[in-house]
Amino acid sequence: VGLTLQQYRYLVAVADAGSITAAARVLRVAQPSLSAQVQAAERQLGLSVFDRHPGGVSVRPEARDFLYSARSVLAATEQAEAVARRAARPHAGRLRIGMIVGTQLPASAACLAAMRARFPAVSLEIAEYGFDDPSAGLASGAVDVAFVMPPFAADGLRVRPLLRVPLVAVVPARHPAAARSQISVTELFAEPWIVAETADPVCRDFWLAAALRTEPARVSHSTRSIDKFIQLVAAGEAVGMAAFWVPELFARPGVAFVPLTDAPPSAVAVAWPSVGASPLVTPFVEIATRTFRAAARPDADGVLRLR
């Protein structure tokens with residue numbers, strides 16, 4: 001049977017104090033008890049660790065390597081205990097979560113609920129962002145992680161797509177295309193368009209379907225919100241594109257939504273800084289990935305869409 005951790009501590013304490021009496025005071029044990037424990041440990045080791053003399057004790061030369069190893073044992077034990085305490089202690093602090101307008105989906109809410117359940121001591125701070133900041137607060141450092149809708153300029157960010165987002169045309173109800181079952185986005189290029197009010201050229205060009213145009217878009221209005229977008233369309237001011245779930249959430253008289261056959265899809269994604277991310281981001285991304293996967297089904301291309 002090996003030495004106990006207590007015996008290791010006693011031997012190291014006596015070596016550090018230079019006497020059993022002084023070590024007993026540090027350890028807050030009776031001197032006779034400590035002396036007996038040290039002697040018992042030496043007998044168990046088969047090694048005399050200390051030379052006794054009137055002024056105290058000194059470490060015998062042949063015991064120096066043993067005491068070096070004993071200190072390593074105690075240091076490793078303390079480290080292991082610290083790791084265990086960190087693992088047992090609930091994560092605390094806060095996680096700032098940005099959400100670009102339009103990503104407030106049932107799966108997003110389920111992700112937040114799962115995060116709260118897993119980390120009840122963590123404060124979740126939710127902030128909604130308009131089209132003017134497609135990074136949903138990440139670019140300015142205002143949030144730690146965000147639900148976003150790429151594409152947008154994502155320098156310094158990691159982006160994980162969660163859900164494929166086909167697009168629909170948003171047109172006035174009296175528009176000739178309003179009664180169609182689907183249309184090509186190119187059929188709307190002669191119309192005035194609404195553009196996202198953002199300085200991000202990647203985001204702006206995507207929502208103008210610029211990759212499919214041969215001439216610059218006719219832009220009549222800009223907006224930071226879906227509500228204003230829908231109001232402008234209902235007034236006959238312009239047309240535009242939106243995510244496929246917008247008809248369910250924002251339908252109103254005077255507006256028609258028509259599936260597009262050729263517009264590149266967007267996505268709902270979770271994004272976070274590529275450097276210096278909060279340690280809470282990793283479990284949040286894992287939860288988001290799992291939650292959206294459970295709420296979606298793969299389409300013909302194997303990409304997740306809402307059920």
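The values are calculated or read from the model by the stated rules, or taken from the named source; none is laboratory data. Since we're looking at a predicted model, the values are computed, not measured. Note that we place each Cβ from the backbone using ideal geometry, even for glycine, and neighbour counts take in every protein chain shown. Heavy atoms of the whole protein, side chains included, go into the accessibility calculation; ligands, DNA and RNA do not. Shrake-Rupley method; radii C 1.70, N 1.55, O 1.52, S 1.80 Å.
If only one of Ala24, Ala40 is within 54 Å of the chain's Cα centre (by Cα) and buried (at least 17 other Cβ atoms within 10 Å of the Cβ), which one is it?
On the way: Ala40 fails: buried (at least 17 other Cβ atoms within 10 Å of the Cβ).
On inspection, the qualifying residue turns out to be Ala24.
Pull up the stretch 234-258, narrow it to residues that are modelled with pLDDT under 95 and of a type in the set (Phe, Trp, Tyr), then point me to the one that is least open to solvent (accessible area, probe 1.4 Å).
Per the criteria, the residue is Trp245.
Is there any pair with a first residue in the stretch 102-124 that is charged (D, E, K, R) and a second that is surrounded by 15 or more Cβ atoms within 10 Å (Cβ to Cβ) whose Cβ atoms are under 9 Å apart and which are 6 or more apart or on different chains, and what are they?
As it stands, the answer is Arg116/Val122; Arg116/Leu124; Arg118/Pro283; Arg118/Ile287, since those pairs meet every condition given.
Within the stretch 155-183, track down each residue that is closer than 19 Å to Ala267 by Cβ, touching a Ser or Thr at 6+ places or on another chain (Cβ under 6 Å) and open to solvent by 60 Å² or more (accessible area, probe 1.4 Å).
Once the filter is applied, which keeps residues that are closer than 19 Å to Ala267 by Cβ, touching a Ser or Thr at 6+ places or on another chain (Cβ under 6 Å) and open to solvent by 60 Å² or more (accessible area, probe 1.4 Å), the stretch 155-183 yields only Arg158.
If you go through the stretch 149-178 one residue at a time, how many are in contact (Cβ under 8 Å) with a residue 12 or more places away in the chain and assigned to a loop (DSSP other than H, G, I, E, B)?
The first filter runs over the stretch 149-178 and keeps only residues in contact (Cβ under 8 Å) with a residue 12 or more places away in the chain, leaving 149-154, 156-175, 177-178.
In the following step, the residues that additionally are assigned to a loop (DSSP other than H, G, I, E, B) were identified as 149-154, 156, 166, 173-175, 177-178.
Going through the stretch 149-178 one residue at a time, the tally reaches 13.
Only one of these is within 14 Å of the chain's Cα centre (by Cα), open to solvent by 60 Å² or more (accessible area, probe 1.4 Å) and not small (Gly, Ala, Ser): Arg116, Arg71, Arg60. Name it.
So the residue among Arg116, Arg71, Arg60 that is within 14 Å of the chain's Cα centre (by Cα), open to solvent by 60 Å² or more (accessible area, probe 1.4 Å) and not small (Gly, Ala, Ser) is Arg116.
Out of everything in the stretch 259-279 that is within 11 Å of the chain's Cα centre (by Cα) and assigned to a strand (DSSP E or B), what residue ends up being surrounded by the fewest Cβ atoms within 10 Å (Cβ to Cβ)?
My answer is Pro273.
Could you list, in sequence order, the residues of the stretch 184-233 that are open to solvent by 60 Å² or more (accessible area, probe 1.4 Å), in a loop (DSSP other than H, G, I, E, B) and in contact with a strand residue (DSSP E or B) (Cβ under 7 Å, 6 or more places away or on another chain)?
If the condition is that a residue be open to solvent by 60 Å² or more (accessible area, probe 1.4 Å), in a loop (DSSP other than H, G, I, E, B) and in contact with a strand residue (DSSP E or B) (Cβ under 7 Å, 6 or more places away or on another chain), then Glu197, Arg218 are the ones that fit.
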